There are 2 protein chains.
Amino acid sequence: MKLPTPGPELRRIGRIALGDIIHRSAERCGDRVAVIDGERTLTHRDLDALSSRFAHHLLSVLPPRTTVATLTTNSAEMLACLFGISKAAMVWVPVNVQLTASSIEYILEHAEVEYAVVDQELLERQDIASVLDRLGITAVAIGPGDGKRVAAFAEVTAGQSEDLPDVDVCGDDLALVMYTSGTTGHPKGAMHTHLSVYSTVTANMATHLMRESDVLSGFLPLFHCAQHTMTTSVLAAGGAVALARGFTADAGLDLIERRRVTIFGGLPMMFAAMLRHERSRSTDFSSVRLALYAMAAMPRPLIEQIARTMDADVWLVTGQTEAYPITMTFRALEHPHLDANYWGISTALCETKIMDSEGRLLGPGQPGEIVHRGPNVMAGYLKDPEATAAAQRFGWHHTGDLGVIDDSGQLLFLDRTKDMIKSGGENVPSIKVESVLLAHPDVANAAVIGVPHTHWGEAIVGVVILRDQARATAADLIEHAKAHLGRFESPKEIVIVEDLPVTATGKTQKMDLRRAYQDLFGA
Amino acid sequence: MKLPTPGPELRRIGRIALGDIIHRSAERCGDRVAVIDGERTLTHRDLDALSSRFAHHLLSVLPPRTTVATLTTNSAEMLACLFGISKAAMVWVPVNVQLTASSIEYILEHAEVEYAVVDQELLERQDIASVLDRLGITAVAIGPGDGKRVAAFAEVTAGQSEDLPDVDVCGDDLALVMYTSGTTGHPKGAMHTHLSVYSTVTANMATHLMRESDVLSGFLPLFHCAQHTMTTSVLAAGGAVALARGFTADAGLDLIERRRVTIFGGLPMMFAAMLRHERSRSTDFSSVRLALYAMAAMPRPLIEQIARTMDADVWLVTGQTEAYPITMTFRALEHPHLDANYWGISTALCETKIMDSEGRLLGPGQPGEIVHRGPNVMAGYLKDPEATAAAQRFGWHHTGDLGVIDDSGQLLFLDRTKDMIKSGGENVPSIKVESVLLAHPDVANAAVIGVPHTHWGEAIVGVVILRDQARATAADLIEHAKAHLGRFESPKEIVIVEDLPVTATGKTQKMDLRRAYQDLFGA
């Protein structure tokens, strides 16, 4: 028996739409705080009204299903824009404001963006203004605008209706195109439907047992999937997000204490910086119930220090632009004997397996590529059927990450596929070498890459930041590595640097390192 | 910008399938208990394996997408069947075992059922056996079978593979057809997709903050949407269900204490019976965190008694076969001043409004029909495009219930549309008259109906069960009603009876009453 083809009424009734999330939370708990942004607070009702006003503005100036970009850092207005774009059934293109003007131009053009919301600060940058001009994009400013062609967000939303717009939208419609930082060549735009993001929202609420009393930290950028998904989820649960721009240890501690943050989500280095800060000894952490870290492994001592100091549960949460977060959680305190590179278990939403290069699913103990299936997986890369087909081969989403599932069902992350180094015919996970270097008392941070080498194919190179006053030499560190690794796994060279290139979310940009050191061995 | 038409790989990757729920929970927490059925317990891994074995059996004997019925009461095997049918991408038709053989025949024929799982006890009933025979349905027995044509469930599942079958299934596929008790004429089959039920599962997990440690009571029948959705949700969260057949106060208290039930879901009368039982004074209720009641309003004193005795939160949960539960929750203890007929607020999943008969959405304080939209709404009634169109008019699902939203956003249930009595040109909610009758100290239960009357159109009639040793007469009760109601709202007649007809879930069957008393005034 098959379902008869659904009629148009059913499409309207069964709608799944991201814009509805804030409308429905406003109906349930309109008086509760939804956003804290500096000294301002907006209730769920305020955010619902502001986003509806922006949606009505968009509908009055643009044709249906237009792509609308944000070139913005975290703010209450940015959040109202995200919901407003969805309420207008338009397509959101978040742009990482740290990209170069030429990368931003590529994305805006590739996604056929016709309208953009831009922070005043960016609007005033000549390179960005030229890009908007060249592409003929209508812009609205979060800020006063330019007094000529670019109006202020406050101006365009003034006087608009606060009712939910009556638009045709359903779960299968495109909701957003989010560009990945890209490993080589141009960034790729991961397309997600309303259903895709919505499915993660309900799963996140369930996974994190989110409730009205929750207050989520907002230090990661909203243009990134991690902060976007967690923020949307806590709002769906009737809770609040305390937005921030620019992390410092002091700002983190202040947000936790003043805003009574219950869920702090950040990079391991953020937690490390807060707990190193002398103010942490007198900070009131009693509101925090969950410390979520992402993007990188957290050393065991830091996990234990967080648990002790904050009296909170400590979880790693994973996901990627292509498989909307959260895909997996590692509940570090429940597994004190497991290595910090574990990714743990999947949420109820998505299934995770290990696959070999021929599409065979592998059993426990057998390393291979981490693959997912579930509604949170992207619909594909915009205008890139080849990359889409590659990511979707064998009916599973290919993450580009290598892992292995142990006998207890916990997944251990091994490395990015592209970060696996092939040296002298052997596969060496860069992360394994990094762990050894990081264990040296003089090492503050380390990234390990493969560099072209005539003899080895790729030679292993460690790029290292030393701690203050540390005196270890490159030779000392190579000796240390040899004592803990197989000969073929030890770095051929150690480069000591002051800084490592990182993405907006704090991940080391290994492709930049590879480019910088590609001629190290004169290949 | 529109999404390109998704390819077949994406359908496979983005799958949403009810059968996956137990497979994924088994991967996450396979060793945890999933089902308690009498003295037996099955872990998530056991239930996953048994349901896969049944799915492989179905796939070996039936063509794809066959409709498979269950004529069963709660058991671990029944639960394995539900998941197994979904894993085989077949369509589940749950049948209420309390129906007459002719109603069962109607449903099996209407849904084109080719295969049925039947409790041994039913199989041995001649009328049921004849129905199966007449329709040429292949049956398998939960029990030994008949030694001839009907094999045992244990037999057909023996030796089958325990792997998840590799079938093509996605969220838009039909998952189940569940027949409503029906008000007039034949029962109607509400069709739900995998997405529809799945969406309620994640929303239920979030709404009830379900976790691995939860143990749900299983006294309501699994063939009804309420027990089905809550059971699936607690299993998705990695928790357990303690199944039971046939409620008694003693059995309820025993289940709570022995199985450490954390979420008890039942009818108000079940809670009343347990708390009246003398054993309740020594029962250990410490495991219970949520007391969920459904199907009927709960008097305030009982709500308070539950909160006191069980030290649990007390919520009403609503939903219907056509709008898969949970649609709304009323958190009774948070609103001590609100009447017990409140339905409260919607879950994050679905939107609820009040609509007039012309399709206009009404504001606070204006009574009208309760309408929903959201992914949990049925795709329609099987083979009944007229009833489907009526339920879907104006792009909202029509519940047939009347309500009003108060200024604080809480929804108050007024009556079933069809239970609104039109007497002398005035609308009288039957529930209003019932509340007054129930407030009389001699009344144990009351149902109020409209009966054809030459003068009044419909005359209001109260059908009443008196308490033991009560001595009130019909005339006394009419007097009592007149003292608390408008003249046009007071019953013209009171009939005192020993019993009221109820559905499998304990709702009064008013259509049976209307039929029984249709000639009371000789119309």
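The values are calculated or read from the model by the stated rules, or taken from the named source; none is laboratory data. Everything numeric here is computed off the predicted structure, so don't read it as measured data. All Cβ positions, glycine included, derive from the backbone under ideal geometry; neighbour counts span all protein chains shown.
Structure values in brief
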{"quantity": "So residue B:494, is it of a type in the set (A, V, I, L, M, F, W, C) and part of a helix (DSSP H, G or I)", "calculated": "no"}
{"quantity": "Check on residue A:172, part of a loop (DSSP other than H, G, I, E, B), charged (D, E, K, R), at pLDDT below 95 and closer than 21 Å to residue A:232 by Cα", "calculated": "yes"}
{"quantity": "Unique match (being away from chain B (no Cβ under 14 Å) and not in a loop (DSSP other than H, G, I, E, B)) among A:447, A:472", "calculated": "A:447"}
{"quantity": "Helices (runs of 4 or more DSSP H) contained entirely in region B:20-119, each with at least 2 residues that are within 30 Å of residue A:345 (Cα to Cα)", "calculated": "B:44-61, B:76-87"}
{"quantity": "Matching residues, region A:1-19, being assigned to a loop (DSSP other than H, G, I, E, B) and at the interface with another protein chain (Cβ under 8 Å from one of its Cβ atoms)", "calculated": "A:1, A:2, A:3, A:4, A:6, A:7, A:14, A:15, A:16"}
{"quantity": "Of the criteria (1) away from chain A (no Cβ under 14 Å); (2) more than 16 Å from the chain's Cα centre (by Cα), which one residue B:262 fails", "calculated": "(1)"}
{"quantity": "Among the residues listed as B:407, B:356, B:384, B:401, the single one being among the charged types (D, E, K, R), within 19 Å of residue B:327 (Cβ to Cβ) and modelled with pLDDT of 90 or more", "calculated": "B:401"}
{"quantity": "Residues located in region A:100-116, provided they are surrounded by fewer than 24 Cβ atoms within 10 Å (Cβ to Cβ), away from chain B (no Cβ under 14 Å) and in contact (Cβ under 8 Å) with a residue 40 or more places away in the chain", "calculated": "A:103, A:106"}
{"quantity": "Some residue of region B:409-417 being aromatic (Phe, Trp, Tyr) and farther than 30 Å from residue B:195 by Cα", "calculated": "no"}
{"quantity": "Filter result (crowded, with 18+ Cβ neighbours inside 10 Å and among the charged types (D, E, K, R)) within region A:29-45", "calculated": "A:37, A:45"}
{"quantity": "Count of region A:465-523 residues which are among the hydrophobic types (A, V, I, L, M, F, W, C), over 30 Å from residue A:247 (Cα atoms) and free of Cβ contacts under 8 Å to residues at least 24 places away in the same chain", "calculated": "4"}
{"quantity": "Test: residue in region B:1-14 that is free of Cβ contacts under 8 Å to residues at least 60 places away in the same chain, closer than 30 Å to residue A:114 by Cβ and among the β-branched types (Val, Ile, Thr)", "calculated": "yes"}
{"quantity": "Only one of A:205, A:191 that is closer than 24 Å to residue A:65 by Cα and within 19 Å of the chain's Cα centre (by Cα)", "calculated": "A:191"}
{"quantity": "Residue A:322 being surrounded by 22 or more Cβ atoms within 10 Å (Cβ to Cβ) and of a type in the set (Asp, Glu)", "calculated": "yes"}
{"quantity": "Selected residue (only one of A:244, A:251, A:226 is under 19 Å from the mean Cα position of the chain (by Cα), closer than 21 Å to residue A:34 by Cα, surrounded by fewer than 23 Cβ atoms within 10 Å (Cβ to Cβ) and away from every other protein chain (no Cβ under 14 Å))", "calculated": "A:244"}
{"quantity": "Evaluation of residue B:422 against (1) of a type outside the set (A, V, I, L, M); (2) touching a strand residue (DSSP E or B) at 6+ places or on another chain (Cβ under 6 Å); (3) buried (at least 19 other Cβ atoms within 10 Å of the Cβ); (4) away from chain A (no Cβ under 11 Å) (one fails), failing number", "calculated": "(3)"}
{"quantity": "In region B:350-399, the residues that are in contact with a helix residue (DSSP H, G or I) (Cβ under 6 Å, 6 or more places away or on another chain), assigned to a strand (DSSP E or B) and more than 8 Å from every other protein chain (Cβ to nearest Cβ)", "calculated": "B:381, B:398"}
{"quantity": "Residue tally, condition more than 14 Å from chain A (Cβ to nearest Cβ) and in contact with a Lys or Arg (Cβ under 8 Å, 6 or more places away or on another chain), over region B:186-216", "calculated": "1"}
{"quantity": "Checking residue A:51 against (1) closer than 19 Å to residue A:235 by Cβ; (2) touching a residue at least 40 places away in the same chain (Cβ under 8 Å); (3) of a type in the set (S, T, N, Q); (4) more than 14 Å from chain B (Cβ to nearest Cβ), the condition it does not meet", "calculated": "(2)"}
{"quantity": "Where residue A:69 falls short, out of the listed (1) facing chain B (nearest Cβ under 10 Å); (2) farther than 30 Å from residue B:178 by Cα; (3) of a type in the set (Gly, Ala, Ser)", "calculated": "(1)"}
{"quantity": "Residue list for region B:345-373, filter: under 23 Å from residue B:230 (Cβ atoms) and out of contact with any Asp or Glu (no Cβ under 9 Å at 6 or more places or on another chain)", "calculated": "B:347, B:348, B:349, B:350"}
{"quantity": "Residue satisfying condition, being modelled with pLDDT of 95 or more and facing chain B (nearest Cβ under 10 Å), within set A:32, A:24", "calculated": "A:24"}
{"quantity": "Residue in region A:172-185 that is nearest to residue B:195 (Cα to Cα), counting only those that are surrounded by fewer than 24 Cβ atoms within 10 Å (Cβ to Cβ) and facing chain B (nearest Cβ under 9 Å)", "calculated": "A:172"}
{"quantity": "Answer from B:333, B:402, B:382, B:349 - the residue that is hydrophobic (A, V, I, L, M, F, W, C) and over 24 Å from residue B:178 (Cβ atoms)", "calculated": "B:333"}
{"quantity": "Condition met for residue A:283 (in contact with a helix residue (DSSP H, G or I) (Cβ under 6 Å, 6 or more places away or on another chain), polar (S, T, N, Q) and over 22 Å from residue A:441 (Cβ atoms))", "calculated": "yes"}
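So that you can scan it fast, the table gives a plain yes or no per residue for (1) at pLDDT below 95; (2) closer than 30 Å to residue B:204 by Cα; (3) surrounded by 18 or more Cβ atoms within 10 Å (Cβ to Cβ):
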residue	(1), (2), (3)
A:294	yes, yes, yes
A:301	yes, no, no
A:333	no, yes, no
A:344	no, yes, yes
A:372	no, yes, yes
A:378	no, yes, yes
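Here's the yes/no breakdown for (1) β-branched (Val, Ile, Thr); (2) within 18 Å of residue A:174 (Cβ to Cβ); (3) buried (at least 17 other Cβ atoms within 10 Å of the Cβ):
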site	(1), (2), (3)
A:51	no, no, yes
A:62	no, yes, no
A:80	no, no, yes
A:87	no, yes, yes
A:120	no, no, no
A:133	no, no, no
A:138	yes, no, no
A:146	no, no, no
A:156	yes, no, yes
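Residue-by-condition table, conditions (1) polar (S, T, N, Q); (2) modelled with pLDDT of 95 or more; (3) under 26 Å from residue B:107 (Cβ atoms):
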residue	(1), (2), (3)
B:43	yes, yes, no
B:48	no, yes, no
B:54	no, yes, yes
B:64	no, no, yes
B:68	no, yes, yes
B:73	yes, yes, yes
B:78	no, yes, yes
B:86	yes, yes, yes
